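The values are calculated or read from the model by the stated rules, or taken from the named source; none is laboratory data. None of the values given here were measured: they were computed from a predicted structure. Glycine also receives a Cβ, built like all others from the backbone with ideal geometry; neighbour counts cover every protein chain displayed. Protein only, heavy atoms only, side chains kept; ligands, DNA and RNA dropped before computing areas. Shrake-Rupley method; radii C 1.70, N 1.55, O 1.52, S 1.80 Å.
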Amino acid sequence: MPLQLSLSDLLLDALRLAIVLAVVVHVLRTKRDTAAATGWIGMVLLMPFAGLVLYLMFGVNRVQRRARRLAHKHGWSGRGALTGERFRVEGDFAPLARMVGRLTEWPLLRGNAVDVLHDGDEAYPAMLDAIAGATHSVLLCSYIFRADEVGMRFVTALAAARQRGVEVRVLVDGIGSGYLYSPVAQQLRRQGVACARFMHSVWPWRMPFINLRNHRKILTVDGRIGFVGGLNIGQENLLRRRSRQTVADTHFRLRGPVVHQLNEAFARDWSFTCGEELDGPLYFPAPDSAGDVPARVVASGPDNDLEKIEFTMLQAVALARRRITVMTPYFLPDERLVSALCLAAMRGVEIDIVAPETSNHRLIDWARDAHLQPFLDAGCRIWLGRRPFNHSKLLVVDGVWSFIGSANIDLRSLRLNFEINMEIYDTALATTLDTLIRSWPSARLTHHALDKRSLPVKLRNAAIRLFLPYL
């Protein structure tokens with residue numbers, strides 16, 4: 001019996017050692033973030049069996065592996081996303097345009113028109129009108145797509161388009177639009193509309209509960225009209241309802257060749273989810289010029305597009321010479337972006353950052369307040385936005401360059417979610433967005449306001465901030 005126990009102990013120790021070695025080797029080969037790598041190695045050393053289970057569930061990037069297989073299979077030739085008249089930027093922003101071109105492998109295209117749509121009150125009618133006029137294709141991607149009064153209007157419009165013979169594809173997130181059950185997905189399928197749920201599975205080891213969400217908001221019609229921005233689909237985005245849950249937001253209607261890049265981003269996500277490839281003139285017709293605005297899509301996600309949106313922001317901030325205005329619902333940037341903004345402020349760039357006084361996630365508000373000291377020390381102006389809660393994601397640099405889309409300025413958006421933004425070189429749009437951002441604040445946050453908070457509040461905020469990568 002003692003020999004038997006000794007042998008079993010030896011086998012158990014060998015198994016522990018094998019688990020630790022396997023996880024350590026995988027971490028060292030795949031993790032670029034040293035903090036994350038150290039954390040996973042420490043966990044598996046302390047708890048080999050539990051650490052292995054957690055690492056398999058949350059630490060292995062299966063999204064990237066699957067995306068690479070699909071890219072090899074389909075080639076991702078760019079379809080129609082490379083067509084259109086290219087625009088060459090001169091002057092201060094030329095390095096930014098070159099960098100984003102190399103980063104995204106998509107050209108900056110001229111010939112676009114961009115319309116600003118405020119809240120669901122303006123955006124939803126425009127989106128529904130576009131769907132009603134569709135003749136060939138409708139592609140819709142939304143993080144939240146509710147089966148409420150507003151959502152059902154979209155379901156009806158999409159079903160009517162399908163009945164007219166239009167090719168309709170709808171992609172909703174596997175968490176944002178319902179985890180165990182997605183009412184809107186069921187409604188669409190009953191109407192015969194092709195609807196898929198991104199990264200959805202009832203088994204946690206196949207789909208992390210928190211990470212790797214598709215946060216993109218895309219609507220394109222006939223490959224010629226597109227909508228992008230921060231707006232989800234739900235009645236809370238109608239300001240005229242004036243409820244306590246009302247959410248303000250900013251969305252954009254696009255016409256011109258840049259719509260093909262939106263279609264390309266959707267087509268990749270659809271192929272990733274369903275395996276169906278969307279191609280040909282049905283989705284990528286010959287582009288028409290609709291204006292004179294140069295624009296380009298910047299997509300990011302934990303597949304092959306990691307950190308592209310953040311890198312674009314970093315380069316834009318580094319090139320700023322006069323002023324930067326930011327509006328974001330959640331302001332929890334990582335240390336790289338913190339340093340870039342603070343350095344810009346210290347070299348004399350005027351920086352105004354607008355975040356809501358109270359968002360729809362109280363923990364994020366607490367963590368944010370513990371994250372603001374470096375910005376105030378560097379001379380940035382921090383403004384608290386008035387009610388209702390504003391969900392807009394806007395960045396304007398030097399009154400020329402605008403960056404709009406779905407990405408918040410926090411680690412979740414910039415590292416863990418699939419997001420889609422667009423860079424636009426247009427002084428008229430930059431002026432409009434700059435005016436919008438500056439019109440929203442209700443109060444300025446100062447050192448004094450932070451200092452006078454009680455010690456328990458400061459400790460609470462600092463403790464919540466430790467979970468910054470997961471908020």
Q: Return only the number of the condition from (1) assigned to a loop (DSSP other than H, G, I, E, B); (2) open to solvent by 10 Å² or more (accessible area, probe 1.4 Å) that S392 does not satisfy.
A: (2)
Q.
Going through L278, L314, L306 one at a time, which residue ends up being of a type in the set (A, V, I, L, M), within 23 Å of R197 (Cα to Cα) and in contact with a helix residue (DSSP H, G or I) (Cβ under 6 Å, 6 or more places away or on another chain)?
A. L278
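Every residue, every condition in (1) of a type in the set (D, E); (2) open to solvent by 20 Å² or more (accessible area, probe 1.4 Å); (3) free of Cβ contacts under 8 Å to residues at least 40 places away in the same chain, yes or no:
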| residue | (1), (2), (3) |
| --- | --- |
| V317 | no, no, no |
| A320 | no, no, no |
| T328 | no, no, no |
| P333 | no, no, no |
| R347 | no, yes, yes |
| V354 | no, no, no |
| A370 | no, yes, no |
| G379 | no, yes, yes |
Q | Residues within region 425-445 that are aromatic (F, W, Y) and assigned to a helix (DSSP H, G or I), tallied | A | 0
Q.
Looking at region 240-256 only, could you name the residues that are open to solvent by less than 50 Å² (accessible area, probe 1.4 Å) and in a strand (DSSP E or B)?
A. V247, A248, T250, H251, F252, L254
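Based on what the data block shows, is L231 more than 17 Å from the chain's Cα centre (by Cα) and either in contact (Cβ under 8 Å) with a residue 40 or more places away in the chain or open to solvent by less than 10 Å² (accessible area, probe 1.4 Å) (or both)?
no
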Q) Hey, N211 hits all of (1) crowded, with 20+ Cβ neighbours inside 10 Å; (2) at pLDDT below 95; (3) in a loop (DSSP other than H, G, I, E, B) but one; which does it fall short on? A) (1)
Q) Can you pull out the residues in region 32-52 that are assigned to a loop (DSSP other than H, G, I, E, B) and under 20 Å from A18 (Cβ atoms)? A) M47
Q. Can you name every residue in region 436-471 that is at pLDDT 85 or above and of a type in the set (F, W, Y)?
A. W440
Q. Hey, among L46, L5, which residue is farther than 27 Å from M199 by Cα and modelled with pLDDT of 80 or more?
A. L46
Q | Of the criteria (1) open to solvent by 60 Å² or more (accessible area, probe 1.4 Å); (2) modelled with pLDDT under 95; (3) not β-branched (V, I, T), which one R98 fails | A | (2)
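Mind telling me which of the residues G84, G120, G80, G59 ends up being buried (at least 17 other Cβ atoms within 10 Å of the Cβ), modelled with pLDDT under 95, of a type outside the set (S, T, Y) and within 21 Å of the chain's Cα centre (by Cα)?
Numbers: G84 fails: within 21 Å of the chain's Cα centre (by Cα); G120 fails: modelled with pLDDT under 95; G80 fails: within 21 Å of the chain's Cα centre (by Cα).
Exactly one residue qualifies, and that residue is G59.
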Q: State all residues of region 357-367 that are in contact (Cβ under 8 Å) with a residue 24 or more places away in the chain and open to solvent by 10 Å² or more (accessible area, probe 1.4 Å); if no residue qualifies, say none.
A: E357, T358, S359, N360, H361, L363, I364, W366
Q: Give region 159-177 a look and list any residue that's of a type in the set (K, R) and over 13 Å from I218 (Cα atoms), or say none.
A: R162, R164
Q. Going by the conditions given, is T273 farther than 21 Å from V116 by Cα and of a type in the set (V, I, T)?
A. yes
(Q) So, in region 162-182, how many residues would count as being open to solvent by 20 Å² or more (accessible area, probe 1.4 Å), modelled with pLDDT of 85 or more and of a type outside the set (S, T, N, Q)? (A) 5
Q) What number of residues in region 257-274 are open to solvent by 10 Å² or more (accessible area, probe 1.4 Å) and outside any helix (DSSP H, G or I)? A) 0
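In the list S406, S454, S442, which residue meets the criterion of being touching a strand residue (DSSP E or B) at 6+ places or on another chain (Cβ under 8 Å) and open to solvent by 30 Å² or more (accessible area, probe 1.4 Å)?
S442
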Q | Residue pairs meeting the criteria (Cβ under 6 Å; at least 6 apart or on separate chains; first under 19 Å from K393 (Cβ atoms), in region 432-456; second open to solvent by 40 Å² or more (accessible area, probe 1.4 Å)) | A | P441/W383
Q. What residue, among those in region 275-315 that are surrounded by fewer than 17 Cβ atoms within 10 Å (Cβ to Cβ) and in contact with a strand residue (DSSP E or B) (Cβ under 6 Å, 6 or more places away or on another chain), is nearest to V170 (Cα to Cα)?
A. L282
